[in-house]
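Peer 1: Have a look at this one.
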Amino acid sequence: MNQFIFILGKNPILSLAELIAYLEVRCEFRIVENMNEFCIIETHQLPVNILMKNLGGMLKIGCVLASEDLEKYVQENCMELFKNVPDKSFFSISCFSNDADFITDELKRQGIESRCKLNMTHTDIVKNRILENSIELLLCKAGDRIYLGKTLYVHNPFEFKKRDIGRPEQRSMYSIPPRLCRIMINLSGIKNGILLDPFCGTGSILQEAAMMGFDVRGLDTDRKCIEACIKNLKWIKKEYRIKIDSVGDKIKHGDARKISTFFNEQAGLIVTEPDLGPALKRNPKFREAERILKNLSSLYETSLKEMTNVLKPDGKIVMVTPCFETESGQIGIDMKILAEKTGLHIIDPLEKYKIAHNFPFLDYEERHRTIRQINVMELRRK
Ligand SMILES: C[S@@+](CC[C@H](N)C(=O)[O-])C[C@H]1O[C@@H](n2cnc3c(N)ncnc32)[C@H](O)[C@@H]1O
């Protein structure tokens with residue numbers, strides 16, 4: 001068994017839920033530690049590079065080198081750690097609540113004149129090519145135990161940015177970030193097959209899904225969005241050399257409340273962000289938020305009902321609904337009631353792990369007043 005350190009992204013609990021849902025359908029594992037910024041997982045060898053590529057919410061993945069008597073470990077192994085490092089003049093240590101002096105002191109004692117930069121972000125690690133030219137060590141304190149690890153892979157924000165703002169067609173105010181698209185796909189625990197987005201917009205979710213090997217389908221009532229989505233998918237196909245057949249036939253102009261009239265196939269996975277109401281410049285008053293949600297609820301109910309008509313019996317739906325911060329607290333759609341009405345059941349991927357967390361999952365974006373609530377659903381067993 002090996003232990004791996006996962007440095008969680010800006011929404012740690014959502015990143016942890018994503019990781020667990022992803023691993024659950026791929027390998028046996030045990031959560032060894034679960035702290036706010038990181039978790040440690042024990043499993044057999046993981047294809048860490050694929051994991052890093054596929055996850056949306058992970059910043060760094062490392063392997064645990066030692067978790068007992070770290071000073072002795074560093075004394076005995078620092079030459080080995082630096083042996084094949086091309087540029088020994090500079091390395092990085094990221095510390096999660098403890099002191100790295102014992103490592104730098106030991107290096108000096110052993111004659112390794114290396115400048116240490118503390119707590120480099122994943123962006124700086126990529127920019128400075130730290131993993132290609134040098135190393136990053138991780139020090140992670142969990143209760144009485146400190147884990148020493150070595151970073152294996154980091155999230156590449158430039159690749160995600162390219163697919164977000166470097167694609168041919170954009171609608172930045174309405175688009176869902178690639179990071180969140182991946183998180184939503186992975187929360188389902190579905191690995192492949194047909195993925196449908198019935199409110200596809202410019203195709204952000206479909207782009208990420210196609211890159212992960214799903215056979216994508218989309219629907220939108222806005223013809224301009226359909227054209228944009230097709231253009232974006234063709235760009236992804238060329239840019240990343242992935243296989244997407246007959247893009248034009250798979251993305252259709254139509255209403256999500258009548259999905260089954262446009263698609264006669266069954267989807268294993270539906271991942272979608274419907275209309276979330278008007279773009280707000282400030283937090284709404286409670287009454288205003290209530291009105292927005294009321295106006296949207298019939299669209300959600302009818303389209304969810306339709307989604308169940310094209311969903312495989314063991315399929316999943318991952319859908320964003322809006323939530324607002326008001327003077328009287330947060331208000332959102334009661335998804336338990338909506339799921340009940342539409343023959344669905346809400347899933348919490350963390351439920352069986354007894355991890356304290358707020359549920360449903362919320363995701364905040366600074367530039368938006370609308371908070372995204374992420375709902376994972378399956379058909380209710382009869
Ligand atoms: C929040 S946007 C989706 C954005 C998309 N995830 C993206 O990243 O581009 C919602 C989309 O739903 C579409 N829409 C609204 N009502 C619809 C309906 N009844 N059926 C299908 N699409 C609809 C809108 O045209 C809009 O493109």
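Every number in this text was worked out from the coordinates using simple rules, so none of it is lab data. Just so it is clear, the structure is predicted and the values come from calculations on it, not from any experiment. All Cβ positions, glycine included, derive from the backbone under ideal geometry; neighbour counts span all protein chains shown.
Peer 1: For Cα pairs less than 8 Å apart in space and 6+ apart in sequence, what is the mean separation divided by the residue count of the chain, i.e. the relative contact order in percent? All intermediate terms of the calculation are to be shown ahead of the outcome.
Peer 2: Working: 736 pairs, mean separation 51.0, N = 382.
Contact order relative to length: 13 percent.
Peer 1: A further question on this structure: Can you give the relative contact order of the stretch 144-273 as a percent, counting alpha carbon pairs under 8 Å and 6+ residues apart?
Peer 2: Values: 190 pairs, mean separation 35.6, N = 130.
The value is 27 percent.
Peer 1: Additional query: Nearest 20 debye, what's the magnitude of the dipole of the chain about its Cα centre given +1 on Lys and Arg Cβ and -1 on Asp and Glu Cβ?
Peer 2: Values: 57 positive and 52 negative charges, 271 e Å.
In debye, rounded to 20, the chain gives about 1300.
Peer 1: Same structure again: I want the antiparallel fraction of DSSP beta bridges within the chain, as a percent rounded to 5. Numbers along the way, then the final one.
Peer 2: Numbers: 47 of 70 bridges.
Just about 65 percent of them are antiparallel.
Peer 1: Under the definition of Cα pairs under 8 Å and six or more residues apart, what whole-number percent is the relative contact order of the stretch 161-379? Spell out each step's value before the answer.
Peer 2: Values: 406 pairs, mean separation 42.0, N = 219.
Once normalised by length, the contact order is 19 percent.
Peer 1: Going by average Cβ neighbours within 10 Å, how do the peptides 117-124, 210-217 rank, with the highest at the top?
Peer 2: Details: 117-124: 15.0, 210-217: 21.1.
Result, highest mean Cβ count within 10 Å first: 210-217, 117-124.
Peer 1: A further question follows. Using the Cα centre of the chain as origin and beta-carbon charges of +1 (Lys, Arg) and -1 (Asp, Glu), tell me which of 368, 260, 56 is placed farthest towards the positive end of the dipole.
Peer 2: 260
Peer 1: Shifting gears a bit: Sorting check: for 230-242, 352-364, which peptide has the highest mean count of neighbouring beta carbons within 10 Å, and how do the rest follow? Before the final figure, lay out the partial values.
Peer 2: Details: 230-242: 16.5, 352-364: 13.2.
Sorting 230-242, 352-364 by mean packing, highest first, produces 230-242, 352-364.
Peer 1: Which of 21, 154, 94 sits closest to the plus end of the dipole of the stretch 2-155, meaning its Cα is farthest towards the positive end, when Lys and Arg get +1 and Asp and Glu get -1 on the C-beta?
Peer 2: Positive-most Cα among the choices belongs to 154.
Peer 1: Over the stretch 161-379, what is the percentage of antiparallel beta bridges among all DSSP beta bridges, to the nearest 5?
Peer 2: Working: 19 of 33 bridges.
Of all bridge pairs located within the stretch 161-379, approximately 60 percent are antiparallel.
Peer 1: Specify the residue with the greatest mean-square fluctuation among 73, 22, 153, computed from a Gaussian network of the chain linking alpha-carbon atoms under 10 Å apart.
Peer 2: Evaluated over the chain, the most mobile residue of the options is 73.
Peer 1: Now for a separate question. Sorted by mean Cβ packing within 10 Å, highest first, what order do the peptides 317-323, 278-284, 52-58, 306-312 take?
Peer 2: Details: 317-323: 23.4, 278-284: 12.4, 52-58: 21.3, 306-312: 19.4.
Result, highest mean Cβ count within 10 Å first: 317-323, 52-58, 306-312, 278-284.
Peer 1: Another question about this same structure. List the lysines whose Cα sits under 24 Å from the Cα of residue 88, skipping any in the same chain fewer than 8 residues away.
Peer 2: Once the sequence-local lysines are set aside, what remains near residue 88 is 60, 72, 108, 117, 127, 150.
Peer 1: Any of 53/231; 234/312; 10/352; 161/285; 238/312 with alpha carbons more than 25 Å apart? Name them for me.
Peer 2: On the way: 53/231 23 Å; 234/312 27 Å; 10/352 23 Å; 161/285 34 Å; 238/312 30 Å.
With Cα atoms farther than 25 Å apart: 234/312; 161/285; 238/312.
Peer 1: Let me spell out the model: positive unit charges on the Cβ of Lys and Arg, negative unit charges on the Cβ of Asp and Glu, origin at the Cα centre of the stretch 2-155. What dipole size does that give, in debye rounded to 20?
Peer 2: On the way: 17 positive and 21 negative charges, 107 e Å.
Charge dipole of the stretch 2-155: 520 debye, to the nearest 20.
Peer 1: While we're on this one: Kirkwood hydrodynamic radius for the chain: how many Å is it when counted over pairs of different Cα atoms? All intermediate terms of the calculation are to be shown ahead of the outcome.
Peer 2: On the way: mean 1/r = 0.0447 Å⁻¹.
Evaluated over the chain, this radius sits at 22.4 Å.
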